[in-house]
1. I need the helices (runs of 4 or more DSSP H) fully contained in region B:107-207, keeping only those with at least 2 residues that are in contact with a Ser or Thr (Cβ under 8 Å, 6 or more places away or on another chain), surrounded by 21 or more Cβ atoms within 10 Å (Cβ to Cβ) and within 14 Å of chain A (Cβ to nearest Cβ).
2. Pick from region A:42-60 the residues that are at the interface with chain B (Cβ under 7 Å from one of its Cβ atoms) and in contact (Cβ under 8 Å) with a residue 40 or more places away in the chain: which of them is most open to solvent (accessible area, probe 1.4 Å)?
3. Name every residue in region B:241-257 that is open to solvent by 40 Å² or more (accessible area, probe 1.4 Å) and at the interface with chain A (Cβ under 10 Å from one of its Cβ atoms), in order of residue number.
4. Here are some residues: A:116, A:92. Which one is in contact with a Pro (Cβ under 8 Å, 6 or more places away or on another chain) and open to solvent by 60 Å² or more (accessible area, probe 1.4 Å)?
5. Which residue out of A:61, A:77 is farther than 23 Å from residue B:138 by Cβ and among the hydrophobic types (A, V, I, L, M, F, W, C)?
6. So residue A:66 passes all but one of these: (1) closer than 24 Å to residue A:137 by Cα; (2) surrounded by 15 or more Cβ atoms within 10 Å (Cβ to Cβ). Which condition number does it fail?
7. Determine which single condition residue A:100 fails, assuming it passes every other condition in (1) open to solvent by 40 Å² or more (accessible area, probe 1.4 Å); (2) over 30 Å from residue A:120 (Cα atoms).
8. Condition check: within 18 Å of residue B:215 (Cα to Cα) and among the β-branched types (Val, Ile, Thr). Does residue B:182 satisfy that?
Amino acid sequence: MNAVAVWLGGTQLSWFVTHHPWVWPTCEVLHFIGMSLLLGCIGLVDARLLGIWAAPPVVGVNALIGWGFVGFLMNVVTGLLFFVGDPLQYVTNPGFQLKMLFLVLAGWNVFMFYATGVATQVESLEEHEQAPVSAKVIAGTSLFLWIGILFLGRMLPYLRP
Amino acid sequence: MAVMKIGPGSRGEGQQLRSAGFRHESIESRIDEATRLLMTREPSPEARRAVLAAIARLQTSAAAAGFEVQRGSSRLTAISMSMAMVLLGFVAFRLFVPPATAAQAYAGEALLIQLSGSSLAFWINTTFVYPGFLFIHTLGLALVVGIGLAVDLRLLGVAARVPLAALRALIPAIWVGFWMSVLSGVVLFTADAPGKGENALFSIKLVLVASGVIVTGLIERHLFRADGGMSPSRSRTLAIISLLLWIAAIVAGRLVGYAVDGAFV
């Protein structure tokens, strides 16, 4: 893994990220906006499934998932630019490794949401109708993982070895 | 209610409901449908009575369900809007009441340095306190901007099947996030007062956040008035302004760390 990191650090893209002073701040800004979109929209879907925000029909809230995904894509792109810009500071950071593990788990959680049929099950829920337990487990896990990812991201500078 | 006529006069019932100050999107369509049914068919006396009774029940149950502005929630809005005014006042003071002499300028700066040199600030900076409150600050802003963006998107037509009344419950969550950020922000400011208090971008961020809070309060006040809703064009305008303000606030917030050398005295 270290060898890949070293090789990445020598690429032209890496040079581009670190040698133009506007690139890193711009990526940081977009990373935060993407994070807000992601946590806001997916968080609201999770809140609906958990019953915290019971008012709307689930099929209406599902339209927000697309925008949450836009935020996720923004963060993947900016995150890759961060990583390519300075791979070694991330690869050796246990906080970053845990954050990536959480990311994989969150992706697995989303996959399970659709693969087990829970997604189609909840689509028919009307206003104020409670979701089944399976949906609540998935929603609670999602909320925990994404907030955990936010936490680990903020802690990266403090967890560097 | 007076005797109901079949035909065009049946529009009267729909009008009565609307004039009773009853605006709610999903119920609007049901009123329209009921009115249309009454206009095109001749109901039996029992059916007519049942419809009138249902309309009367709808009014009382909607009032009970709290589709009018609830006082508790608007108190939280009022407190948050006041805090926004305080933030604006702080920046306005810095902008329009500059220190008259160099001695005053040094005194102001010395105060900030003293604050960050205190043992409290030392404790914040050397323990888990700073990262912990940084996390709370970020979570708070994710709540504010995240839910704010979702509400704005809904006002601009995204996820149109979410009834506007459902957004009502989201506004207090925005205020909770706002206060999380304000209170944790005080701790973060204490830890590095000169770096923030002398920073132009920090003041800009405060102005943008305060403006966002005020616009959010306006959206809530206009959307959920008891006597009727906002015009669609005005809600779209407010949503776009809110969206731009929150994005600009994030930009300013992120750039504070890069602008430490800029003085704003």
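The values are calculated or read from the model by the stated rules, or taken from the named source; none is laboratory data. Please read all numbers here as calculations on a predicted model, not as lab measurements. With ideal geometry, Cβ positions are generated from the backbone for all residues, glycine too; neighbour counts draw on all protein chains shown. Just so you know, the surface numbers come from the protein's heavy atoms only, side chains and all, with ligands and any DNA or RNA stripped out. Shrake-Rupley method; radii C 1.70, N 1.55, O 1.52, S 1.80 Å.
1. It comes to B:129-155, B:170-191.
2. My answer is A:59.
3. Residues satisfying the conditions are B:247, B:251, B:254, B:255, B:257.
4. Unique residue meeting the criteria: A:92.
5. Details: A:77 fails: farther than 23 Å from residue B:138 by Cβ.
Selected residue: A:61, the only one of A:61, A:77 that is farther than 23 Å from residue B:138 by Cβ and among the hydrophobic types (A, V, I, L, M, F, W, C).
6. (2)
7. Every listed condition holds for residue A:100 apart from (2).
8. On the way: within 18 Å of residue B:215 (Cα to Cα): yes; among the β-branched types (Val, Ile, Thr): yes.
Taking the combined requirement at face value, the residue satisfies it.
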